[in-house]
Amino acid sequence: MRPAALCLALLLLAGCAAAPGPPAVSEPWPGPDSVNVPVLMYHHITDTGGTDATISPEHFRRQLDAVKAAGYTPVSLDELIGFADGEGALQEKPVCITFDDGYMSTYDTAFPILGEYGYPAAVFVIGSSVGRDTYKDTGRSIIPHFGTDQMAEMTASGRMEVQSHTFDMHQTAAYETGPARTSILPLEGESEEAYAAALEEDFRLEAEALAQGGVDRITALAYPLGRHSDLADSVLRELGVRVTLTTDSGHVNTVTRNDPDSLWGLGRLNMTNDTTDEMLLEYLQR
């Protein structure tokens, strides 16, 4: 080959090598598109335990050890939202740890224990009970609830998400002088318009109460007594709620990427001193 022809060939070859190829195909997102996410529900932690709404610190630690030994990783509600929005991934075996009502024991007992394990959790607060040890203005004694300072500390930690259990739709009928809203359901004979307005006002008051403890916005709500309705869900969606939780331990929570609706009506297992490791593992492994 003549020198000129050889140079031309080399130039063509170099040009071919430098020419851009077809667009790169993005790698699929790691992990499956749907993940089962069991959710554990706690209430008050006390030395005695022994009821369906209490557990002792020893049993609480034992259950966290069982979760860890089974290879499950606690995840936050924000992580669930990110996954359902298609913006994140979940651990292979995720689990959520939740607390209802906002008892002081969530702050002074559960919060430090969870810190030892490095586990995130969520607490659903009754706004009208924040910082109180009496039932509203009745003077009736109740289990002490943490206040805005404790709420702010937990929120700032990044490990404890503070969310809604309604402001005052988890009333104790025996302590009320009129019709009691024991759950988020409408009162008997209440019109849809009046109910929707009441729920919106309750949500506004709850947002104000949680804002005093550093909570930017309400994205999750645990239904009092686990009860809800299509109308309640419709109102809550319009108000910006992304996650709702029931008390139905039989419901398998399948959270799906790019499906925000899969975060509605998540079931939970109520945890007590009587919850054995075998019962817990059976729930986790469904």
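What the table below lists for this structure:
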quantity: Residue in region 123-130 that is in a helix (DSSP H, G or I), surrounded by fewer than 13 Cβ atoms within 10 Å (Cβ to Cβ) and of a type outside the set (Phe, Trp, Tyr) present; calculated: no
quantity: Filtered residue count, region 258-286, keeping only those that are over 22 Å from Leu221 (Cβ atoms) and modelled with pLDDT of 95 or more; calculated: 15
quantity: Test: residue in region 179-186 that is in contact with a Ser or Thr (Cβ under 8 Å, 6 or more places away or on another chain) and surrounded by fewer than 13 Cβ atoms within 10 Å (Cβ to Cβ); calculated: no
quantity: Some residue of region 159-171 being surrounded by 14 or more Cβ atoms within 10 Å (Cβ to Cβ), in contact with a helix residue (DSSP H, G or I) (Cβ under 7 Å, 6 or more places away or on another chain) and in a helix (DSSP H, G or I); calculated: no
quantity: Residue check for Arg204: of a type in the set (Lys, Arg) and surrounded by 18 or more Cβ atoms within 10 Å (Cβ to Cβ); calculated: no
quantity: Among residues of region 260-285, those that are touching a residue at least 60 places away in the same chain (Cβ under 8 Å) and assigned to a loop (DSSP other than H, G, I, E, B), counted; calculated: 7
quantity: Test: residue in region 23-42 that is at pLDDT 95 or above, assigned to a loop (DSSP other than H, G, I, E, B) and not charged (D, E, K, R); calculated: yes
quantity: Filtered residues of region 64-82 (kept if more than 13 Å from Tyr119 (Cα to Cα), touching a helix residue (DSSP H, G or I) at 6+ places or on another chain (Cβ under 9 Å) and surrounded by 15 or more Cβ atoms within 10 Å (Cβ to Cβ)); calculated: Ala66, Leu80, Ile81
quantity: The listed residue being within 17 Å of Asn36 (Cβ to Cβ) and either touching a strand residue (DSSP E or B) at 6+ places or on another chain (Cβ under 9 Å) or in contact (Cβ under 8 Å) with a residue 40 or more places away in the chain (or both), out of Phe83, Phe111; calculated: Phe83
quantity: Total residues in region 131-158, condition part of a loop (DSSP other than H, G, I, E, B), more than 30 Å from Thr73 (Cα to Cα) and not small (Gly, Ala, Ser); calculated: 10
quantity: Scan of region 231-259 for residues that are assigned to a loop (DSSP other than H, G, I, E, B) and not polar (S, T, N, Q), ordered by number; calculated: Leu239, Gly240, Val241, Arg242, Asp248, Gly250, His251, Val252, Arg257, Asp259
quantity: Selected residue (only one of Asp33, Asp52 is farther than 27 Å from Arg257 by Cα and surrounded by fewer than 18 Cβ atoms within 10 Å (Cβ to Cβ)); calculated: Asp52
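The values are calculated or read from the model by the stated rules, or taken from the named source; none is laboratory data. It should be emphasised that the depicted structure is a prediction, and the values quoted were computed from it without experimental measurement. Neighbour counts are summed over all protein chains in view; Cβ atoms, including those assigned to glycine, are modelled from backbone coordinates with ideal geometry.
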